[in-house]
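Here you go, one structure.
Just so it is clear, none of the values below were taken in a lab; they were calculated from the coordinates. Every value quoted in this text rests on a predicted model; they were computed, and no experiment measured them. Cβ coordinates were reconstructed from backbone atoms using ideal geometry, including for glycine residues, and neighbour counts include every protein chain displayed.
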Amino acid sequence: MKKRSGRELDVLIEEAIVDTYDEVEAISAFLSVIDEHLAVPFTTTVLGVDVNVVKIGLTNDSRLVAHCVRNGLQQAIGLAELPLPQPPPEGTHWIDAYRRWSGS
């Protein structure tokens, strides 16, 4: 999957948040498009350990997180900080757009 330009990411951002009125709605909108387009589960490496990303969710304080599982243990990792595998799974351009929008 090719890396998208800033302009292409800006188009995705506008598509995701077109009908939102505030930051909380925008974050929920990103969750919707990521849920729709991101191929999960996928494996990535966090702090040198392979984990399975099983879903993307929203915390009570309106942060997007990846729910990572390994050996029956689960940890939520901020989507802005989640290392992506190479090659990345289908739909990660929406994560890139979210990161650009959030300033990550």
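If I build a Gaussian network model for the chain, linking alpha-carbon pairs within less than 10 angstrom, which residue out of Gly48, Gly78, Gly57 has the largest mean-square fluctuation?
In this elastic network of the chain, the residue with the biggest mean-square fluctuation among Gly48, Gly78, Gly57 is Gly48.
List, in order, the whole-Hz ³J(HN,Hα) value for each residue of segment 4-9 obtained from phi through the Karplus relation with A = 6.51, B = -1.76, C = 1.60 and θ = phi - 60°; use x for Gly and Pro.
Running phi through 6.51 cos²θ - 1.76 cosθ + 1.60 with θ = phi - 60° gives 8, 6, x, 5, 5, 5 Hz.
HN-Hα J couplings of segment 82-87 from phi, Karplus 6.51/-1.76/1.60, θ = phi - 60°, integer Hz, Gly and Pro as x?
With coefficients 6.51, -1.76 and 1.60, one gets 5, x, 9, x, 10, x Hz.
Which cross-chain or sequence-distant (5 or more) residues have an amide H under 5 Å from the amide H of Lys55, H modelled 1.01 Å from N in plane?
When sequence neighbours closer than 5 places are left aside, the close amide H contacts are His67.
On to the next question. Based on Cα coordinates alone, diagonalise the gyration tensor for the chain, multiply each eigenvalue by 5, take square roots, and list the semi-axes in whole Å, largest first. All intermediate terms of the calculation are to be shown ahead of the outcome.
Values: eigenvalues 105, 53, 23 Å².
Computed over the chain, the values are 23, 16, 11 Å.
Okay, helix-only estimate at 222 nm for the chain: each DSSP H run of n ≥ 4 adds -39500 (n - 2.57), divide by all residues, round to 500 deg cm²/dmol; what do you get? Don't jump to the answer; show the numbers that get you there.
Working: 3 runs with 38 residues, N = 104.
Per the formula, -11500 deg cm²/dmol.
Per residue of segment 37-47, in order, report the coupling 6.51 cos²θ - 1.76 cosθ + 1.60 (Karplus, θ = phi - 60°) as ³J(HN,Hα) in whole Hz, putting x for Gly and Pro.
The phi angles translate into 10, 7, 7, 10, x, 8, 9, 9, 10, 10, 6 Hz.
So which trypsin sites (Lys or Arg not before Pro) in segment 33-104 are both in a DSSP loop and have at most 14 other Cβ atoms within 10 Å of their Cβ? Walk me through the intermediate numbers first.
Working: sites: Lys55, Arg63, Arg70, Arg99, Arg100; in loops: Arg63.
The qualifying sites are Arg63.
Can you tell me, using C-alpha contacts under 8 Å and at least 6 residues apart, the relative contact order of the chain as a whole percent?
In percent, rounded to a whole number, it is 28.
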